[in-house]
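The values are calculated or read from the model by the stated rules, or taken from the named source; none is laboratory data. Just so you know, these numbers come straight off a predicted model, no measurement behind them. Positions of Cβ are generated from backbone atoms using ideal geometry, with glycine treated the same way; all protein chains shown enter the neighbour counts.
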Amino acid sequence: MPRRRTPAEKERLAGGISMSIDGETVRLRSNLDDFAPAIERLWLAADGRLWVLPGHGRRGELRSRSDAYDVFDASGRFLEIVLLDIAFDENRDRLWPLADSRWLLLKNLHSARDDVDDGDNAQLVIVCLEAVATSD
């Protein structure tokens, strides 16, 4: 069953849509669906594994979000669910998977890229993370 977006989530998503014309930021109107997509993100790893972030796999708000990826082998066989529990702000930071089990977290990318002074968040911080299996 599709996950229904909260009003706060819809507001956050709509607020991030803009474009720049001749150096001036122009806000765009948006009409977002009430439901999150069935698949949020796909990532094909160098070893042939497919990482799928389903719409129901995203939990929590910006600063304390956990993503639960479904991981499949190169033949399409389900392998495991990998939970990424990383504190980051999607409006300022970016998280990219690398070719192996590591992830690159770019903190304050928005401030550094757009030369915006966000106070304490003005410096670009690059963090390399490695996925580690844990047991409950």
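Is there a residue in the stretch 61-69 that is small (G, A, S) and either at pLDDT below 75 or in contact with a Cys (Cβ under 9 Å, 6 or more places away or on another chain) (or both)? Spell out how you get there, then give the answer.
Residues of the stretch 61-69 small (G, A, S): 64, 66, 68.
If we keep only those that are either at pLDDT below 75 or in contact with a Cys (Cβ under 9 Å, 6 or more places away or on another chain) (or both) as well, we get 64, 66.
Checked against the condition, which is being small (G, A, S) and either at pLDDT below 75 or in contact with a Cys (Cβ under 9 Å, 6 or more places away or on another chain) (or both), the stretch 61-69 yields at least one hit.
Any residue in the stretch 24-51 that's farther than 16 Å from E80 by Cβ: show its pairings with residues that are among the aliphatic types (A, V, I, L, M) and loosely packed, with under 12 Cβ neighbours inside 10 Å at Cβ separation under 8 Å, as long as the two are six or more apart or on different chains.
T25/M19; V26/M19; R27/I17; L28/I17; L28/M19; S30/I17; A46/A99
Among the residues of the stretch 84-121, write down those that are surrounded by fewer than 12 Cβ atoms within 10 Å (Cβ to Cβ), at pLDDT 70 or above and of a type in the set (D, E).
Within the stretch 84-121, D100 is the sole residue that qualifies.
Being surrounded by 10 or more Cβ atoms within 10 Å (Cβ to Cβ), under 30 Å from S101 (Cβ atoms) and over 16 Å from the mean Cα position of the chain (by Cα) is the filter here; which residues of the stretch 3-52 pass it?
Passing the criteria: R3, A45, D47, G48, R49, L50.
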